[in-house]
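A.B. asks: What follows is a single structure, and I will ask about it in a moment.
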Amino acid sequence: MSVNGIRQNSLVLYKGRPARVTSIHKKKIEIETDDGQSLSVRPKDVNLLHPGPIGSLNDLVSLEGEIDTAWELVSGNTITLIDLADLAYGDYSPSSAWAAWQWVEDGLLFQGTPENIYAQTAPEVAEEKAARKEKEEEQQAWNEFLNRLKIGQYLPNGEIYLEEVAALARGERDKSRVMKALGQLETPENAHALLLKTGYWDETYNPYPARLGLTTSEPESKISTLEDEYRRDLTHLLSLAIDDAGSKDPDDAIGLEGNRLWVHIADVAALVPPGSPADMEAMSRGSNIYLPEGTVNMLPSAATANLGLGLAEISPALSFGIDLGPDGTTTGLEITPSWVRVTRLTYEEAEERLDASPLRELYQRAQSFEARRLENGAIQIDLPEVKVSVDDSCVSIRPLPALRSRDLVREAMLMTGEAVGRFALDNDIPLPYTGQDRPVDDIPPATNLSETYAIRRLMKPSQQTIKPSPHSGLGMELYVQVTSPLRRYLDLVVHQQLRAFFRGDDLLDGKALMGRVGATEAIIGNARWAERRSLEHWTLVYLLQNPGWRGEGIIVDKRGKRDVVLIPELALETQLYQRKDLPLNSRISVEIEEVDLAFLESYFRRIS
């Protein structure tokens, strides 16, 4: 019995290896492979090399033939396996058929099937030889690269492989041939660790903005020029822009005129109208990204240069005149484009002048407003803050003291947000309101650091809606973020809506407004995540640059046999095994022991 010319004791090809047919059935063929297995296969799973008979695969012997001569005779033509075996070995036997087929399998001189073998031309053979040589050299280079990498080294020609690892560490891909070859999990953290180990990246490389897919190049869109429009002259008022030392984008200033608080905001919407290229680019970025190594702006630098308050002798602004009641309530609001003359102060400079007019009176009004918020259930979370800066790869960390001047600016901005929200509600102007649900349980005021730490963990995230809703954390019935249009896109949208209202132009409706909220929500979330991770990164770099660092930690929580310790000087949280059960808020001395930069982990030990 035979099937397609295959009969018992035929030599066949199965998965690239020789096999002997031991029996034939109606639908199956029994074969014996060269590794001794007996298998039942379909006829289409094998190819006939020789009809046999062959008693055993051990009968296949090595042959010396004239394969090169055979190739030269038929180069550029097609022949069968029978003809090739006869030309190269002088006969067609199981051994010659198998020997000839191995040259076809090799693919250099011959390619095809047993019935149709093509003999390549000399140029084709030369091209294949060159390709094989190149592949062999690549494999050799790859092997040398891996061997060096296993001991944390690489040569310049290995950079092409490490850039693939860097792409994984930056979150630009999720696979890596290098990591797989090393038997390591293909994660951004493992890739980062490998790059640090080899020195391809040094400790100052911050991968987190890229890992979140954030744009870190400066905006390139053009902004329009300032229109010739009416602006109220408020240059006679003392207007103070109070900010951190080194701030480069001052977009708010405050002043006092009788019982009226003036809050002047950079008039960004005057140069960035809805739908303009700069507006679309700002929406795609969502906000500025503040990194220790520098700021990535959402608007072109020309916007800050032309609109930053106090950068020129006289600045254009959108000014908010807020009438205040004695109990801290906002009783009226005037909004007007303006010209203002702004004096810039740092928080520290303002603190020194806080007991003198007009900062004294401004602070009194801020205190009244804050008292009202606290009566309404505002939740204060005062945890240690620091300023992390990078100058020529050198990291510095400076604690930010709790200053009354910071409270003053914060309350003035909140007053503005409340007043604008009420104005928009009264005049049916769609705006993105910011609300926050209350925690499930009532939260008493914190009296120490551990209670403050616990409260923060209970807080729910804020939300942007087109309908006003209470903001529980701020203790406000409604709130609109409006005071940072140079830095936050939705603040710019508020300014665009207000400008359209006063000019009689079409307003964005609620659906269009929420479209802008939705477009920026995920981006802003990623930006804040990148900022937090970047702060952690550079804080750990600081510890690497200051080995043996010592400082004070405060126990703020307990998790099993570990103490959660907050280090105020670094604004860094760590965990330590309990040597003895100290109460919450105990102060202990700690020393840095180890830093794992790739995984953002730091290990301290207790020294007292």
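The values are calculated or read from the model by the stated rules, or taken from the named source; none is laboratory data. Values in this document were obtained by computation on a predicted structure and should not be read as measured data. Glycine also receives a Cβ, built like all others from the backbone with ideal geometry; neighbour counts cover every protein chain displayed.
Conditions tested, residue by residue: (1) under 30 Å from Leu535 (Cα atoms); (2) charged (D, E, K, R).
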position	(1), (2)
Ala241	yes, no
Ala245	yes, no
Leu256	no, no
Pro277	no, no
Glu293	yes, yes
Ala317	no, no
Thr329	no, no
Gly332	no, no
Pro337	no, no
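A.B. asks: Specify the residue that is farthest from Val541 (Cα to Cα); the eligible residues are those in the range 561-582 that are touching a residue at least 40 places away in the same chain (Cβ under 8 Å) and surrounded by fewer than 18 Cβ atoms within 10 Å (Cβ to Cβ).
C.D. replies: That would be Pro568.
A.B. asks: Which is surrounded by 13 or more Cβ atoms within 10 Å (Cβ to Cβ) and within 30 Å of Pro274 (Cα to Cα), of Leu214, Leu168, Leu196?
C.D. replies: Details: Leu168 fails: within 30 Å of Pro274 (Cα to Cα); Leu196 fails: within 30 Å of Pro274 (Cα to Cα).
Being surrounded by 13 or more Cβ atoms within 10 Å (Cβ to Cβ) and within 30 Å of Pro274 (Cα to Cα) holds for just one of Leu214, Leu168, Leu196, which is Leu214.
A.B. asks: For Arg487, which of the numbered conditions (1) among the charged types (D, E, K, R); (2) over 21 Å from Arg373 (Cβ atoms); (3) loosely packed, with under 15 Cβ neighbours inside 10 Å fails to hold?
C.D. replies: Failed condition: (3).
A.B. asks: Could you please tell me which pairs satisfy a Cβ distance under 9 Å, a separation of 6+ or placement on different chains, a first residue in the range 326-351 that is on the phi > 0 side of the Ramachandran plot and touching a residue at least 40 places away in the same chain (Cβ under 8 Å), and a second residue that is in a helix (DSSP H, G or I) and polar (S, T, N, Q)?
C.D. replies: Going by the 9 Å Cβ cut-off, the qualifying pairs are Gly328/Gln367; Gly328/Ser368.
A.B. asks: Output the qualifying pairs, or none if there are none: Cβ atoms under 6 angstrom, residues six or more apart or on different chains, first residue in the range 65-86 and free of Cβ contacts under 8 Å to residues at least 60 places away in the same chain, second residue polar (S, T, N, Q).
C.D. replies: That search, which allows pairs on different chains as well, returns Ser75/Thr121; Gly76/Thr121; Thr78/Asn116; Ala85/Ser96.
A.B. asks: Which of (1) within 30 Å of Met298 (Cβ to Cβ); (2) in contact with a strand residue (DSSP E or B) (Cβ under 9 Å, 6 or more places away or on another chain) is the odd one out, the single condition Leu543 does not satisfy?
C.D. replies: Every listed condition holds for Leu543 apart from (1).
A.B. asks: Moving on. Among the residues in the range 386-409, are any free of Cβ contacts under 8 Å to residues at least 24 places away in the same chain, closer than 24 Å to Glu573 by Cα and not in a loop (DSSP other than H, G, I, E, B)?
C.D. replies: Yes - at least one qualifying residue is present in the range 386-409.
A.B. asks: Please identify the pairs in which a residue from the range 435-460 that is in the same structural domain as Tyr479 (by TED's automatic domain parsing) and among the acidic types (Asp, Glu) has its Cβ atom under 6 Å from the Cβ atom of a residue that is at pLDDT 85 or above and in a loop (DSSP other than H, G, I, E, B), counting only partners at least 6 apart or on another chain.
C.D. replies: Qualifying pairs under 6 Å: Asp437/Lys460.
A.B. asks: Also, quick follow-up: Go through (1) in a strand (DSSP E or B); (2) within 36 Å of the chain's Cα centre (by Cα) and name the single condition Ala245 misses.
C.D. replies: Of the numbered conditions (1) in a strand (DSSP E or B); (2) within 36 Å of the chain's Cα centre (by Cα), the odd one out for Ala245 is (1).
A.B. asks: Could I ask something else about it? Just checking, how many residues over the range 381-413 are more than 27 Å from the chain's Cα centre (by Cα) and among the β-branched types (Val, Ile, Thr)?
C.D. replies: Total meeting the criteria: 2.
A.B. asks: Among (1) buried (at least 18 other Cβ atoms within 10 Å of the Cβ); (2) within 57 Å of the chain's Cα centre (by Cα), there is one condition Pro51 misses while meeting the rest; what is its number?
C.D. replies: Pro51 satisfies every listed condition except (2).
A.B. asks: Please find, among Glu569, Glu552, Glu536, the residue that is assigned to a strand (DSSP E or B), among the acidic types (Asp, Glu) and at pLDDT 95 or above. Even if it seems obvious, please write down each step before you answer.
C.D. replies: Working: Glu569 fails: assigned to a strand (DSSP E or B); Glu536 fails: assigned to a strand (DSSP E or B).
Every option except Glu552 fails the conditions.
A.B. asks: Taking the stated definitions as given, is Ser62 closer than 30 Å to Ala126 by Cα and hydroxyl-bearing (Ser, Thr, Tyr)? Spell out the reasoning first.
C.D. replies: Working: closer than 30 Å to Ala126 by Cα: yes; hydroxyl-bearing (Ser, Thr, Tyr): yes.
Judged against the criteria, Ser62 is a match.
A.B. asks: Just to be sure, is Glu229 closer than 27 Å to Ala278 by Cα and either part of a loop (DSSP other than H, G, I, E, B) or acidic (Asp, Glu) (or both)?
C.D. replies: Details: closer than 27 Å to Ala278 by Cα: yes; either part of a loop (DSSP other than H, G, I, E, B) or acidic (Asp, Glu) (or both): yes.
In short, yes.
A.B. asks: If I filter the range 495-549 down to residues being surrounded by fewer than 17 Cβ atoms within 10 Å (Cβ to Cβ) and acidic (Asp, Glu), which single residue comes out as nearest to Pro337 (Cα to Cα)?
C.D. replies: Asp505
A.B. asks: Does Ala424 satisfy the condition of being of a type outside the set (Lys, Arg), in contact (Cβ under 8 Å) with a residue 12 or more places away in the chain, within 18 Å of His471 (Cβ to Cβ) and assigned to a helix (DSSP H, G or I)?
C.D. replies: Criteria met by Ala424.
A.B. asks: Something else: Which one is surrounded by the most Cβ atoms within 10 Å (Cβ to Cβ) among residues in the range 583-606 that are within 34 Å of the chain's Cα centre (by Cα) and not in a strand (DSSP E or B)? Quick ask: steps written out before the conclusion?
C.D. replies: As a first pass, look at the range 583-606 and keep what is within 34 Å of the chain's Cα centre (by Cα): 590-606.
Still in the running and not in a strand (DSSP E or B): 597-600.
On the way: Leu597: 20, Ala598: 22, Phe599: 13, Leu600: 16.
Per the criteria, the residue is Ala598.
A.B. asks: Being under 26 Å from Trp538 (Cβ atoms), at pLDDT below 95 and assigned by TED's automatic domain parsing to the domain that holds Cys394: is that true of Ser217 here?
C.D. replies: Values: under 26 Å from Trp538 (Cβ atoms): yes; at pLDDT below 95: yes; assigned by TED's automatic domain parsing to the domain that holds Cys394: no.
In short, no.
A.B. asks: Moving on. Among the listed residues Asp233, Asp252, which satisfies the condition of being touching a Ser or Thr at 6+ places or on another chain (Cβ under 6 Å) and within 24 Å of Ala303 (Cα to Cα)? So that I can check it myself, show each step before the final result.
C.D. replies: Details: Asp233 fails: touching a Ser or Thr at 6+ places or on another chain (Cβ under 6 Å).
Asp252 is the lone residue from the list that is touching a Ser or Thr at 6+ places or on another chain (Cβ under 6 Å) and within 24 Å of Ala303 (Cα to Cα).
A.B. asks: Counting only residues that are surrounded by fewer than 18 Cβ atoms within 10 Å (Cβ to Cβ) and among the acidic types (Asp, Glu), give me the helices (runs of 4 or more DSSP H) lying completely in the range 72-161 with at least 3 of them.
C.D. replies: Numbers: elements: 81-89, 94-106, 122-149.
Where helices (runs of 4 or more DSSP H) fall fully within the range 72-161 and carry at least 3 residues being surrounded by fewer than 18 Cβ atoms within 10 Å (Cβ to Cβ) and among the acidic types (Asp, Glu), they are 122-149.
A.B. asks: Can you find a residue in the range 255-274 that is at pLDDT below 95 and touching a Gly at 6+ places or on another chain (Cβ under 7 Å)?
C.D. replies: Within the range 255-274 (the criterion being at pLDDT below 95 and touching a Gly at 6+ places or on another chain (Cβ under 7 Å)), the answer is yes, since at least one residue qualifies.
A.B. asks: Regarding the range 187-197, can at least one residue be identified that is basic (Lys, Arg), more than 22 Å from Ala530 (Cα to Cα) and in a helix (DSSP H, G or I)?
C.D. replies: If we filter the range 187-197 for residues that are basic (Lys, Arg), which is where we start, we get 197.
So of that shortlist, the ones also more than 22 Å from Ala530 (Cα to Cα) come out as 197.
Remaining after also requiring in a helix (DSSP H, G or I): 197.
Yes.
A.B. asks: Determine which single condition Lys558 fails, assuming it passes every other condition in (1) closer than 30 Å to Ser462 by Cα; (2) without any contact (Cβ under 8 Å) to a residue 12 or more places away in the chain; (3) of a type in the set (Lys, Arg).
C.D. replies: Every listed condition holds for Lys558 apart from (2).
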